Structure formats: structure tokens, C-alpha cells
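One structure is given below, encoded as C-alpha cells.
The values are calculated or read from the model by the stated rules, or taken from the named source; none is laboratory data. Since this is a predicted model, take the numbers as computed values, not measurements. Cβ placement follows ideal geometry from the backbone for every residue including glycine, while neighbour counts extend to all protein chains displayed.
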Amino acid sequence: MRSLLSFLLIGVPVTLILTLVGLTHGMIEDFQERQRGTGADIVVRGTNAASAITFSGSTLPEGFTGFLGKQPHVEYAAGVFTHPIELPLTVTGIDLNQFAKMSGGFNYTEGGPFQGSRDMIIDRYYAAQRHVHAGESIQVMNQSWRISGVIDGGKLSHIFVPIRELQKLDSSTGKLSQVFLKLDDPKNTSTVIKDLKQKLGPDYPILSMEELTSMVNVNNIAGLKEFTWVVVGIGVVIGFAVVCLSMYMAVLQRTREIGILKSLGGSDQFILGIVLLESLLLGVGGTVLGILMSFGAKWLIRTFVPASIQMAIVAEWWPIALAITLASAALGALYPGLSAARHDPIDALAYE
Amino acid sequence: MNDDGIITVSDLHKVYRVGKIEVQALRGVDLNVDRGEFLSIVGPSGSGKSTLFHIIGGLTPPSAGRVSVDGHDLASMTGAERTRLRKKTVGFVFQRFNLLPNLTARDNIAVARHIAGMDNKPDPRFAEVLELLGIARRLDHKPNALSGGEQQRVAIARAVVNRPAILLADEPTGNLDSENSEAVLELLKDLNEEFGQTVLMITHNPDAAAYGHQVVHMRDGRIAEFT
Ligand SMILES: Nc1ncnc2c1ncn2[C@@H]1O[C@H](COP(=O)(O)OP(=O)(O)OP(=O)(O)O)[C@@H](O)[C@H]1O
Ligand SMILES: [Mg+2]
């Protein structure tokens, strides 16, 4: 009973750490995958595009699409307009034909392309999150939209609407957030970027897909590393406290047993070793339970917010979580272990 | 005084301090025990019988006087040296059996061998002791599935498995009915006769005391007489 409770209490911070790490990895991988899903080799962005995740502020004139499409080695150009809704979700306005050509076309699991200006195409994750199907209507941005189709995920956005409609709603007619370029051969990427930089000047960030996806990683999201360490620190403190309390209780409960071991010639180090061993076992059990619970967290996220949040199972962090827990368990064992080792054997044997 | 004895105690004093109060548990005990002896110790409650055992067995240091066990001088021993004494030289049996409740009878005995660092060495003594116990078929039970007499026999086996020079039994039959008492006393007698095990036994029961070659009477922290 005491052990199970300890496993649970140690497991919770382990889950917390693994979930945090899993979320950052999952979100980043998902973002990268969806960017690559456009099929583009180069992205040209508006000057006010503030961060890599939210492409608000659209200062690319619509005419750019045609201009960029005519450049050497450029096969297609597709302009999109994005409007952030509840973070990290964005609604993406597209010219369906243009975008489909570049990305290799949508794979509809339900319904099909836009038929009217108030139609919306969503991926199956957002469909699951909102519990909607093709043909039904949902509210997004305080507007009612008819779901014309549901697609597989991984194509830039979870939510698509006709670009004109989105520009109108955003009072940004004639503007684009970014233009995606697909080249005849990805090998020409750097040549084309160089050429475009010369032609467009420094006002428009031009990135290769590789640059764009590598911009978003664990190390350059502000504060993420620090936050991770704070959570790890909390885990250490909780693990320490739980093991310390739990083992102190165990030592009290087993005062007689400790006395018996001492009467048999068990040394102080022997007793300390037993307490330490049991603490480490608590740490191992707690870590295993924490890992199992992180799968539970992933399942919950999958089930309830599949589009907004992605969580990866990051197995490389399991040994780290184990090491963190074992270190705090060993620290936690110290006080109860020493107090057990110092028990007077006669008092301990007389203990009821 | 015979200094060749396995236990030599002279003018032993033990004072317990509980807060500001001093309790004179032993007030000058002289005792000499020869190798292979079976000694019974009797006396009223509080006369210092257990305290004497605790000192001889290295559970607590003496306050004054000389104590030597199997050639080791206890007065000058450190805690670690007393731990070693308990491990190698003495075996304890208590009134309350004191088996580890979560381990089987066999494992309770194995723990003692483990602590003494003997667990990997096959020892014919281990097999002999188990045979003497007469509960071979119940060895894989935990203590709470054993009768008091069986538990106490396991405790005795545990106490002697490492071949201690002396066995200290503090009221080993105190919690047992007469039938079980007899089994335990016979076991102690067998150990003494077959293996030459030196046995010191505290008891309140005159029938039990009669198993000893000699009976030591204690009163007020002193030895009053030998019979
Ligand atoms: N750990 C201790 N702290 C303080 N006083 C103690 C301690 N152990 C024993 N005493 C005291 O020392 C005296 C002798 O106790 P001891 O246990 O040796 O008697 P005993 O002869 O074994 O008695 P009993 O037959 O009741 O077991 C008693 O007055 C007891 O209260
Ligand atoms: Mg006593």
C-alpha cells in the first residue's frame, strides 16, 4: 500500500516531465511535418511575419504569386493567407487548385473540395476535436462554416478556407501571409534563394524548407529549456520528499525488524544499504509508473485535442527521468536510512 | 576466577540513564562460563538478567567492569566491533521469537548466513541444524503460518547457523505452552550435547531451568547464588 502510493507520487512528476518533453517534441515535429507537407522547397514571407509559428501580419502583395511563379527553376507558386485562432491553431486561406498542385493534392476521407465561399476543409484531427463530419457546420472565428471535406493531416494547416473569404474577414484583401515555391529540382534551392534575395531585397524573408523547419526546435523556443529544468527541479523535490517520508514511515514501522537485523550482527552500513535499496526500488517503480502514465497522457491528448496538441513519446528521456528519480530517491533515503542505522538495537527490539 | 572460560565477567556494572534518572541495572556481577556449558539464569523481574545478556551479546556496552567473550574484551569495544561480535560470536534467541515476518522460515535463517557473509558457502552445519529442527516440511512458510514452538525453533536455528561461540536465550519458552516449551528445550539440549554449543538461558520456569547444568540466581543486579 505504502509502496503503491509512493510509486504514484513519484510517478506523477515523472509523467509531468515526460509529458512536457513529449509535448514540445510532438508540437515541433508536427509543425515541421505540416510545413513539409506543403511540398514546397522555399517559403517567402511577409516582413511582419513575427514568429515562425504564427504568421500574422500579412504584407505580401498578392501579385507576388504570379511574379514568383515565373522565376527560373520555380515550378509552382502558391500564396496562402493565415489567421490565427486559438493558439496554436490557424485558419489557412488557400486557392485550392494552386495549393493542391503544390502539395500533391488533398486526400479526402469525407466529402470533397470547396463548393461555396463559406466552405471549410479540415483535417481528421480537427474533425475529431470538434466532433464534426463533412456536410455539417461549425463556428470558427465567430462565423459559421460548412465542412465540405475532411482530409488526412500533415498539409500545412488543420483548417482551410477559400483565401478570398479569409482575406475579406481579415480586411486584408489582396494580401498574402506567405508564398510557397516548388522548384523543378530541390538541388536548385540555394541558387533560387540567392536570386530571389537579389530581386526582392532584404524586406522579405526567404527561407528554404530546411531553414524554416530547423528554426523551430527545442533550443530556440524562448524559455522552453528553462521551463523544462524547472519541471525537472520540481520532480526532484517531490521525489525526494516522497521517498524521504515513505522510507521514514517504513523505518518506523520496521523498528523491530531493524533491531532483529542488528542483533544478528547487521552493521549500520548494512541497514543503510537496505533502506537505500528499497528507496531505489521505489524510484524505479515510480519511474515505470510515470512512463505508463505518460502514455495515458498521450492517449488523453489524442482523444480530446488531437489537432491543437501533439504529444510524442520521447523514449530518450526515460533514462533521464530514471536517473533524476533515482538521484532524488537516494537523497530521500539518506535521513531515514541514517536514523535506521542509528537505532539502538535494544530499544528497537523492545519496540511494540 | 577462571580466565580460560568462554565468558568471563568480573565486577560488571551497568547504569541506564533515562533523562535525569539513573537506573542501576547491574551492580557488580561476577560470572565465569566454560565452553560447552548449559547455564540457566533465574531471578525476579528487573534483577538484570536481560541486561547481562545484552552486554555479553554486545548489544550495549558495559558501564564498568571487565567482560570477555571468547577472548574478546568487551569493555574497550567500539560499536563496529560489537556488531562484529554479534555477527560471529553470539547467537540470540528472544522470548518474542523475533523472526522477520515477511520472510519464510528458511529465508529467516538464510538472512543470518547472509549477514555473516556465509551465504555462498555450502555448510553441512546448515543441513544438520535444519534436521535437528524437526520442522523440515514447514520451512517454506512465513512465521505467521507457524506455531509459536515452530517459530522459536526457527529462531534457534537462525541463532546457531553461523556457529556462534555462545547462544544467549532470553526466556525462549516464555510465550510457549508446555508441549512447545519442551520441544524448544530439547532442541537447546541437543545443540549443547551434540555440537558442544555453549548455552545461556534466562527463564522464570523452574522446570526449564532444570535443563541447565547449573542455575544462576540473580537479584538486584547481582548474582545471588549458584545451584
Ligand atoms: N534500555 C533501558 N533503559 C533504561 N532502563 C532499563 C533498560 N533496560 C533495562 N532497564 C532497567 O534495568 C533493570 C534491569 O532490567 P532487565 O531487563 O535486565 O531485568 P530482567 O531481569 O530481564 O527482568 P524481566 O524478568 O522482567 O525480563 C530494570 O529496572 C529495568 O527497568
Ligand atoms: Mg528480561
Inset, instruction - Would you mention how many residues in the range A:130-169 are farther than 20 Å from A:Ser308 by Cβ and either out of contact with any Asp or Glu (no Cβ under 6 Å at 6 or more places or on another chain) or assigned to a loop (DSSP other than H, G, I, E, B) (or both)? - result: 11
Inset, instruction - Return a yes/no flag: does the range A:269-284 have any residue that is surrounded by 21 or more Cβ atoms within 10 Å (Cβ to Cβ), closer than 30 Å to A:Val218 by Cα and modelled with pLDDT under 90. - result: no
Inset, instruction - For the range A:237-250, state whether one or more residues are within 13 Å of chain B (Cβ to nearest Cβ) and not β-branched (Val, Ile, Thr). - result: yes
Inset, instruction - Would you be able to say whether some residue in the range B:112-120 is part of a helix (DSSP H, G or I), more than 10 Å from chain A (Cβ to nearest Cβ), surrounded by 15 or more Cβ atoms within 10 Å (Cβ to Cβ) and touching a Lys or Arg at 6+ places or on another chain (Cβ under 8 Å)? - result: no
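One line per residue, one yes/no per condition, for (1) at pLDDT below 90; (2) within 16 Å of ligand 2 (Cβ to nearest atom); (3) within 12 Å of another protein chain (Cβ to nearest Cβ):
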position	(1), (2), (3)
B:Pro143	no, no, yes
B:Leu146	no, no, no
B:Gly149	yes, no, no
B:Arg158	no, no, yes
B:Leu168	no, yes, yes
B:Pro172	no, yes, no
B:Asn175	yes, yes, no
B:Ser181	no, no, no
Legend entry - B:Ser47 in contact (Cβ under 8 Å) with a residue 60 or more places away in the chain and out of contact with any Ser or Thr (no Cβ under 6 Å at 6 or more places or on another chain): yes
Inset, instruction - Go through (1) out of contact with any strand residue (DSSP E or B) (no Cβ under 7 Å at 6 or more places or on another chain); (2) touching a residue at least 40 places away in the same chain (Cβ under 8 Å); (3) closer than 28 Å to A:Phe64 by Cα and name the single condition A:Gln129 misses. - result: (3)
Legend entry - Residue pairs meeting the criteria (Cβ under 9 Å; at least 6 apart or on separate chains; first of a type in the set (A, V, I, L, M), in the range A:338-352; second away from ligand 1 (no atom under 14 Å from the Cβ) and not in a helix (DSSP H, G or I)): A:Ala340/A:Arg254; A:Ala341/A:Ser267; A:Leu349/B:Asn98
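Yes/no matrix, rows are residues, columns are (1) in contact with a helix residue (DSSP H, G or I) (Cβ under 6 Å, 6 or more places away or on another chain); (2) assigned to a helix (DSSP H, G or I):
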{"site": "A:Gly265", "(1), (2)": "yes, no"}
{"site": "A:Ser279", "(1), (2)": "yes, yes"}
{"site": "A:Gly283", "(1), (2)": "yes, yes"}
{"site": "A:Leu289", "(1), (2)": "yes, yes"}
{"site": "A:Met293", "(1), (2)": "yes, yes"}
{"site": "A:Lys298", "(1), (2)": "no, yes"}
{"site": "A:Ser328", "(1), (2)": "yes, yes"}
Legend entry - Looking only at the range B:56-68, and only at residues there that are surrounded by fewer than 23 Cβ atoms within 10 Å (Cβ to Cβ) and within 13 Å of another protein chain (Cβ to nearest Cβ), the one that is farthest from ligand 1 (Cβ to nearest atom): B:Pro61
Inset, instruction - With respect to A:Phe99, determine if the residue is outside any strand (DSSP E or B) and closer than 21 Å to A:Asp41 by Cα. - result: yes
Inset, instruction - Might you let me know whether the range B:114-135 holds any residue that is closer than 25 Å to B:His213 by Cα, away from ligand 1 (no atom under 16 Å from the Cβ) and touching a Pro at 6+ places or on another chain (Cβ under 9 Å)? - result: no
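So that you can scan it fast, the table gives a plain yes or no per residue for (1) at pLDDT below 95; (2) crowded, with 21+ Cβ neighbours inside 10 Å; (3) among the β-branched types (Val, Ile, Thr):
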{"position": "B:Met1", "(1), (2), (3)": "yes, no, no"}
{"position": "B:Asp4", "(1), (2), (3)": "yes, no, no"}
{"position": "B:Gly19", "(1), (2), (3)": "yes, no, no"}
{"position": "B:Val33", "(1), (2), (3)": "yes, yes, yes"}
{"position": "B:Ser40", "(1), (2), (3)": "no, yes, no"}
{"position": "B:His54", "(1), (2), (3)": "yes, yes, no"}
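Can you name every residue in the range A:251-280 that is of a type outside the set (Gly, Ala, Ser) and more than 14 Å from chain B (Cβ to nearest Cβ)?
Those that are of a type outside the set (Gly, Ala, Ser) and more than 14 Å from chain B (Cβ to nearest Cβ): A:Val251, A:Leu252, A:Val275, A:Leu276, A:Leu280.
Just to be sure before I move on: is B:Leu31 of a type in the set (A, V, I, L, M), more than 14 Å from B:Gly221 (Cα to Cα) and either within 13 Å of ligand 2 (Cβ to nearest atom) or in contact (Cβ under 8 Å) with a residue 60 or more places away in the chain (or both) in the structure I sent?
Considered against the rule, which asks whether it is of a type in the set (A, V, I, L, M), more than 14 Å from B:Gly221 (Cα to Cα) and either within 13 Å of ligand 2 (Cβ to nearest atom) or in contact (Cβ under 8 Å) with a residue 60 or more places away in the chain (or both), B:Leu31 comes out as no.
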Inset, instruction - Quick one: count up the residues across the range A:197-231 that are assigned to a helix (DSSP H, G or I) and surrounded by 19 or more Cβ atoms within 10 Å (Cβ to Cβ). - result: 3
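Residues are listed down the side, and each one gets a yes or a no for (1) more than 16 Å from ligand 2 (Cβ to nearest atom); (2) of a type in the set (Asp, Glu); (3) out of contact with any Pro (no Cβ under 6 Å at 6 or more places or on another chain):
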residue: B:Ile55; (1), (2), (3): no, no, no
residue: B:Thr60; (1), (2), (3): no, no, yes
residue: B:Ser68; (1), (2), (3): yes, no, yes
residue: B:Arg86; (1), (2), (3): yes, no, yes
residue: B:Phe92; (1), (2), (3): no, no, yes
